[in-house]
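Trainee: Quick one: this structure, given as structure tokens, is what I'll be asking you about.
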Amino acid sequence: MGIGSPLAGTRNIWPPVSFEGGEPIDEIKDLPVLIQLRLLDQKDPSTKLWCATGVCPVDPASKIKKSESFPSLVWICSGTHSVSEIMVINASSANHVMDQFVIANAHVLCVTSVPAFNLDSLEAQESEDEESIDYNMKGATVWLGAQEGSLFVHSAFTSWRNCLQKIQLKDSIHSITHVNDRVIATMGDGTLAIFSRKTDRNWDLENPKVVDLGRPQQTIRCSVAVLNEVWCGYRNRIYVVEPRTAKIKKWFETTTRPESQVRHLATAGEGVWVSVRLDSTLRLFHAETGQLLQEVELDPFIQKMFGFVNLGFFMTKVSSMAVFCNRLWVGTASGLILSFPFSSGLCSESTAKESEPERGPYCSLEHAQVSFHGHRDAVKFFACVPACINTSSLGGEGKNTGNFNMLVMSGGEGYINFRIGDETGDTCEDYGELLMANPRSRKSERSHLIVWQLQI
């Protein structure tokens, strides 16, 4: 069902895009290592990938290091405007599809993993009790939001296809965020629905608090948890909402152009990275003050890597963005995947300001990388789970460093090696042995995951 094969020895796939000198690329630690090109066998070949989320039973930042013994699940959603197909895979197993089912009469736009209720989060992080871990697994849920306004809650532990709870909201659901034991759904009519738990600790879907971000009414396409608050991209602004009181704390503009629209948000420590529709500039804002800290232009990186004089519109249009493993991951509408490692100190002198804090998630411009492996269409999503597929790819110390192994994957339609273009065709050996090959479409045009492995 799910197709994939380890790609041993494929290490140098992130060529450097060097600016202002910088250390040689070989000296940079924790480079992403390509592990798999995974062909997804969807029941209907006409369906398109849309979104995904990783489900981890134990927080990898906690002292509990037992999650490697649990399956690292990824929920992948694809479909048409009338039906959605959900695939639950074990990311650490190349061919293991845990479950595959459809949700009729729904076009799923977003999916998010929500952890179980915890009486004491600190106590749970420090505990190594098997019963505590088991409870966290069984209480975790996955929330899915649809174009038609349907909100579905499924178990993240087992019996994935059985819907635990469902509610019909008044407009399309474009993002779902969990923060401070609240779940926030952002909708097409410019409102947020904030859900809390009942006294029995189950989620109360019938009585959400609603926050209206004002007129003119537009879609809230993205949201992210930041310091126990939620940031929402609305028109050209960021709105900061306190979920427990359901109050707008503040707002600020990301750009002076009122016709612009914030499309993607990604939080990293004390900063939040923002992308704006039809804008190839990425912006970093301070999580507490909203101060602009850094701007990164995508055009120079792509021009330097591929030598294009005039970049096409889709080449630098951001289609997905995420922060995983101390890096900013950016996908474009043309299928390119960029990775910006974070520097440990101030950004370069050309972009630094005297009022900036001393440390932050600044992108290391000197060591930004573009992957030669990409998709034929827009990069739809990034997902990340703790897992390890190939320890040999991490070098001789891979088993003994004590570091945590993570898998980062991108999803999109088709696969292409940008170094040689379409010459790979259907004969690319990197696919490995195909199971249940579908003759109705070429392998290179069907939905793919591209999987990298890192240590943190």
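The values are calculated or read from the model by the stated rules, or taken from the named source; none is laboratory data. The structure presented is a predicted model; accordingly, all values stated were derived computationally and were not measured. All Cβ positions, glycine included, derive from the backbone under ideal geometry; neighbour counts span all protein chains shown. Surface areas here come from the heavy atoms of the whole protein model, side chains and all, with no ligands, DNA or RNA. Shrake-Rupley method; radii C 1.70, N 1.55, O 1.52, S 1.80 Å.
Trainee: Within the set of pairs 6+ apart or on separate chains, which have a first residue in the range 207-218 that is modelled with pLDDT of 95 or more, a second that is open to solvent by 90 Å² or more (accessible area, probe 1.4 Å), and C-beta atoms under 8 Å apart?
Mentor: Partner pairs satisfying both residue conditions: 211/247.
Trainee: Working only within the range 158-180, note down all residues that are under 28 Å from residue 90 (Cβ atoms) and either surrounded by fewer than 19 Cβ atoms within 10 Å (Cβ to Cβ) or among the charged types (D, E, K, R) (or both).
Mentor: Step one: list which residues in the range 158-180 are under 28 Å from residue 90 (Cβ atoms), which gives 158-166, 173, 175-179.
If the condition is that a residue be under 28 Å from residue 90 (Cβ atoms) and either surrounded by fewer than 19 Cβ atoms within 10 Å (Cβ to Cβ) or among the charged types (D, E, K, R) (or both), then 158, 159, 161, 162, 163, 164, 165, 166, 178 are the ones that fit.
Trainee: From the residues in the range 26-70 that are modelled with pLDDT of 70 or more, polar (S, T, N, Q) and in a loop (DSSP other than H, G, I, E, B), which one is farthest from residue 100 (Cα to Cα)?
Mentor: In this case the residue turns out to be 46.
Trainee: If you take the residues in the range 281-296 that are of a type outside the set (S, T, N, Q) and part of a loop (DSSP other than H, G, I, E, B), which one is most open to solvent (accessible area, probe 1.4 Å)? Spell out the reasoning first.
Mentor: Initial filter on the range 281-296 (of a type outside the set (S, T, N, Q)): 282-288, 290, 292-293, 295-296.
Among the residues that remain, those that are also part of a loop (DSSP other than H, G, I, E, B) are: 287-288, 290.
Numbers: 287: 5, 288: 124, 290: 13 Å².
Here the answer is 288.
Trainee: Search the range 128-151 for residues that are at pLDDT 95 or above and surrounded by 22 or more Cβ atoms within 10 Å (Cβ to Cβ) and pair each with any residue that is in a helix (DSSP H, G or I) and of a type in the set (S, T, N, Q) when their beta-carbon atoms are under 9 Å apart and the residues are at least 6 apart or on different chains.
Mentor: No pair meets every condition.
Trainee: Further question on the same structure: Restrict the check to the range 208-221 and report whether at least one residue is out of contact with any helix residue (DSSP H, G or I) (no Cβ under 7 Å at 6 or more places or on another chain), among the hydroxyl-bearing types (Ser, Thr, Tyr) and under 23 Å from residue 319 (Cβ atoms). If you could, list the steps in order and put the result at the bottom.
Mentor: Taking the range 208-221 as the starting set, the residues that turn out to be out of contact with any helix residue (DSSP H, G or I) (no Cβ under 7 Å at 6 or more places or on another chain) are 208-221.
Of the ones still in play, those that are also among the hydroxyl-bearing types (Ser, Thr, Tyr) are 219.
Applying the additional criterion that residues be under 23 Å from residue 319 (Cβ atoms) yields 219.
Yes, that holds for at least one residue.
Trainee: Same structure, new question: Do we have any residue at all in the range 263-272 that's part of a loop (DSSP other than H, G, I, E, B) and polar (S, T, N, Q)? Please lay out each step first, then the result.
Mentor: Applying the first criterion (part of a loop (DSSP other than H, G, I, E, B)) to the range 263-272 yields 269-270.
Checking the rest, the ones that are also polar (S, T, N, Q) come to none.
No - not one qualifying residue is present in the range 263-272.
Trainee: Collect the residues in the range 207-232 that are open to solvent by less than 60 Å² (accessible area, probe 1.4 Å) and either more than 14 Å from residue 287 (Cα to Cα) or assigned to a loop (DSSP other than H, G, I, E, B) (or both), keeping them in residue-number order.
Mentor: Here is the first cut: in the range 207-232, the residues open to solvent by less than 60 Å² (accessible area, probe 1.4 Å) are 208, 211, 213-214, 219-220, 222-226, 229-232.
208, 211, 213, 214, 219, 220, 222 - these are the residues of the range 207-232 that are open to solvent by less than 60 Å² (accessible area, probe 1.4 Å) and either more than 14 Å from residue 287 (Cα to Cα) or assigned to a loop (DSSP other than H, G, I, E, B) (or both).
Trainee: Please work out which one of (1) over 27 Å from residue 332 (Cβ atoms); (2) out of contact with any Asp or Glu (no Cβ under 9 Å at 6 or more places or on another chain); (3) buried (at least 16 other Cβ atoms within 10 Å of the Cβ); (4) not aromatic (Phe, Trp, Tyr) is the condition residue 272 fails and give its number.
Mentor: (1) is the only condition that residue 272 fails.
Trainee: For residue 73, state whether it is modelled with pLDDT of 70 or more and over 23 Å from residue 159 (Cα atoms). Give the steps one after another, and end with the answer.
Mentor: Numbers: modelled with pLDDT of 70 or more: yes; over 23 Å from residue 159 (Cα atoms): no.
The answer is no for residue 73.
Trainee: On to the next question. Please work out which residue is farthest from residue 264 (Cα to Cα), limiting yourself to the range 181-196 and to residues that are open to solvent by 10 Å² or more (accessible area, probe 1.4 Å) and modelled with pLDDT of 95 or more. I'd like the intermediate steps shown before the answer.
Mentor: Kept after step one, since they are open to solvent by 10 Å² or more (accessible area, probe 1.4 Å), are these residues of the range 181-196: 181-182, 188-189, 196.
In the following step, the residues that additionally are modelled with pLDDT of 95 or more were identified as 182, 188-189, 196.
Values: 182: 21, 188: 15, 189: 18, 196: 25 Å.
It comes out as 196.
Trainee: Which residue is nearest to residue 116 (Cα to Cα), if the candidates are limited to the range 197-206 and must be open to solvent by less than 80 Å² (accessible area, probe 1.4 Å) and without any contact (Cβ under 8 Å) to a residue 60 or more places away in the chain? Give the steps one after another, and end with the answer.
Mentor: Kept after step one, since they are open to solvent by less than 80 Å² (accessible area, probe 1.4 Å), are these residues of the range 197-206: 197, 203-205.
Within this subset, residues satisfying the condition of being without any contact (Cβ under 8 Å) to a residue 60 or more places away in the chain are 204-205.
Working: 204: 14, 205: 16 Å.
In this case the residue turns out to be 204.
Trainee: Quick test of your reading of the structure: residue 260 fulfils all but one of (1) open to solvent by 50 Å² or more (accessible area, probe 1.4 Å); (2) over 22 Å from the mean Cα position of the chain (by Cα). Name the failing condition by number.
Mentor: (1) is the only condition that residue 260 fails.
Trainee: Residue 193 is checked against (1) more than 21 Å from residue 321 (Cα to Cα); (2) in a loop (DSSP other than H, G, I, E, B) and fails just one. What number does that condition carry?
Mentor: The single condition residue 193 does not satisfy is (2).
Trainee: Can you name every residue in the range 358-389 that is assigned to a strand (DSSP E or B) and under 14 Å from residue 305 (Cβ atoms)? Steps first, answer last, please.
Mentor: Of the residues in the range 358-389, the ones assigned to a strand (DSSP E or B) are 363, 369-370, 373-374, 379-386.
Residues satisfying the conditions are 369, 370, 373, 374.
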